[in-house]
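The values are calculated or read from the model by the stated rules, or taken from the named source; none is laboratory data. Keep in mind that this is a model prediction, so the values were computed, not measured. Here Cβ is always computed from backbone atoms with ideal geometry, including for glycine, and neighbour counts include all displayed protein chains. When the accessible area is computed, the model is the full protein with side chains, heavy atoms only, and any ligands, DNA or RNA have been set aside. Shrake-Rupley method; radii C 1.70, N 1.55, O 1.52, S 1.80 Å.
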Amino acid sequence: METDTNSLHSLSCTDATKRRVSYFYDSDIGNYYYGADHCMKPHRIRMAHSLIDKYNLLSRMRVIKPKPAGFSDLCQFHSDDYMDFLRAVTPENQLTRPRDLDRFNMNSDCPVFYGLFEFCRISAGASIGAARCLNEELDDIAINWSGGLHHAKRGEASGFCYVNDIVLAILELLKKHQRVLYLDIDIHHGDGVEEAFYTTNRVMTVSFHKFGDYFPGTGHVDDIGYGTGKYYAVNVPLRDGIDDQSYQSIFKPIMTKVMEVFQPGAIVLQCGADSLSGDRLGCFNLSVKGHAECVRFMRSFNVPMLLLGGGGYTIRNVARCWCYETAVALDTHVEERLPEDDYSGYYGPEFSLFAPPSNMENLNTKKFLEGMKVKILENLSRLEHAPSVPFHEVENDMDVDEEEEQNDEQDGEQDDYDDRLSDDDQDL
């Protein structure tokens, strides 16, 4: 039954209550290795976990080792042949499959590495499990810092991402909630998630990102969705050097309006840390506190929320950021001075939780940001009220064990993803 009765009584953003928080972590996640010269380092998740542990935050949460996603779980969004390929390819046999490597966009950005499919299963399984906990009302906030891999497409890898755990988690949330909000504060546009839900009004995607000559090159302000999904894609393209004050000057008004008109039953917040100052691949100038203010603000609406990781390539700052955002989710004070752990050498000489921003130029003028804000708020105003779509459960077979999956996959048991979504859509 639909239980989305949220009236957004908390739009005033008063936030006086504690939240029940679950934390999904598999200690194996830090063992996977994209390669010596690759920017993506899963080790950063282990570093964040170590800080979370040393700040004694684990004792304040339900800590859950996720069940890896099965083949049929992954095929709720991804194509069978792509998942077959990921399951079978190895560093040793990849050169015998050049056409498949090209077909599935496996390249220097998305290399074949040891344990690739297991890495994907852990990341996706944690996001699916976290979504289930929210659906079952076991927790108010669920965290999976190994998730947030927002570039992966239905049938190919992209931008260091192979399996789109976010789409899989949203599909799980749609089993219970009529409307799910996806919010992305990674410096890169959340293209894979937007594309997956571009024609539905049950999912609103909102992405704040660098735009221009920058990967993935999508996310123009005029990209607003299509058909039933028109105005349900919101893109906020930004310029180099944006700082905390400028970011919040546009983030809070837009997200307040989104919450008012869309009234989601659940929120998925991708917390890519490459929007922090000093990121190896980034060009924004956000502090850890400024980045975490987005989490704090969305938490204040008192809507079930899934927090995910994402980008972030200066790994000492990624660990700082996700540790602090865990504390924000818990509404718990943590000291600025970092506790000693196995990775203390990464954080010198200041050994502070809060890496300061730089003095880089902010190219986002007040006029530019105001014009952007006005245009986006005008689009959102076209949605006078939350869509009154009919509610049906989105069926999927999340509990098939691995042996059954292997027997069934050749029988074409997966429903078409687009058909399952469109069955639940209705024009306003």
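Considering segment 102-136, the residues that are in contact (Cβ under 8 Å) with a residue 60 or more places away in the chain, assigned to a loop (DSSP other than H, G, I, E, B) and farther than 17 Å from C39 by Cβ include one that is farthest from the chain's Cα centre (by Cα), namely Y114. Checked against the criterion of being on the phi < 0 side of the Ramachandran plot and at pLDDT 95 or above, the candidates G148, G129 yield just one match: G129. Residues of segment 1-49 that are modelled with pLDDT under 50, hydrophobic (A, V, I, L, M, F, W, C) and open to solvent by less than 30 Å² (accessible area, probe 1.4 Å): L8 alone. Among the criteria (1) open to solvent by 40 Å² or more (accessible area, probe 1.4 Å); (2) under 22 Å from K367 (Cβ atoms); (3) not basic (K, R), the one G278 does not fulfil is (2). Can you tell me which residue in segment 32-85 is farthest from S22 (Cα to Cα), limited to those that are outside any loop (DSSP other than H, G, I, E, B) and among the polar types (S, T, N, Q)? Ranking the candidates gives S72 first. Go through the residues of segment 158-167 one by one and say whether even a single one is surrounded by fewer than 24 Cβ atoms within 10 Å (Cβ to Cβ), assigned to a loop (DSSP other than H, G, I, E, B), hydroxyl-bearing (S, T, Y) and modelled with pLDDT of 95 or more. For segment 158-167, residues surrounded by fewer than 24 Cβ atoms within 10 Å (Cβ to Cβ), assigned to a loop (DSSP other than H, G, I, E, B), hydroxyl-bearing (S, T, Y) and modelled with pLDDT of 95 or more: absent.
Take the conditions farther than 14 Å from G310 by Cβ and small (G, A, S) and apply them to A157. Does it pass? When the stated conditions are applied, A157 passes them. Residues in segment 304-319 that are in a loop (DSSP other than H, G, I, E, B) and open to solvent by less than 10 Å² (accessible area, probe 1.4 Å): G309, G310, G311, G312. Residues that are closer than 18 Å to Y182 by Cβ, in contact (Cβ under 8 Å) with a residue 12 or more places away in the chain and out of contact with any helix residue (DSSP H, G or I) (no Cβ under 9 Å at 6 or more places or on another chain) do not occur anywhere in segment 243-251. In the set C110, C75, only one residue is out of contact with any helix residue (DSSP H, G or I) (no Cβ under 9 Å at 6 or more places or on another chain) and open to solvent by less than 10 Å² (accessible area, probe 1.4 Å); that residue is C110. Here V328 does not fit the description of being closer than 28 Å to R44 by Cβ, modelled with pLDDT of 95 or more and not in a helix (DSSP H, G or I). Scanning segment 287-312 for residues that are in contact with a Pro (Cβ under 8 Å, 6 or more places away or on another chain) and farther than 19 Å from A130 by Cα yields S287, G290. Taken residue by residue, segment 133-144 has no member that is open to solvent by less than 10 Å² (accessible area, probe 1.4 Å) and more than 23 Å from V328 (Cα to Cα).
To keep it simple, each residue is scored yes or no on (1) among the polar types (S, T, N, Q); (2) in contact with a Ser or Thr (Cβ under 7 Å, 6 or more places away or on another chain); (3) crowded, with 24+ Cβ neighbours inside 10 Å; (4) in a loop (DSSP other than H, G, I, E, B).
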{"residue": "F284", "(1), (2), (3), (4)": "no, yes, yes, yes"}
{"residue": "G290", "(1), (2), (3), (4)": "no, no, no, no"}
{"residue": "N302", "(1), (2), (3), (4)": "yes, yes, no, yes"}
{"residue": "C321", "(1), (2), (3), (4)": "no, no, yes, no"}
{"residue": "T332", "(1), (2), (3), (4)": "yes, no, no, yes"}
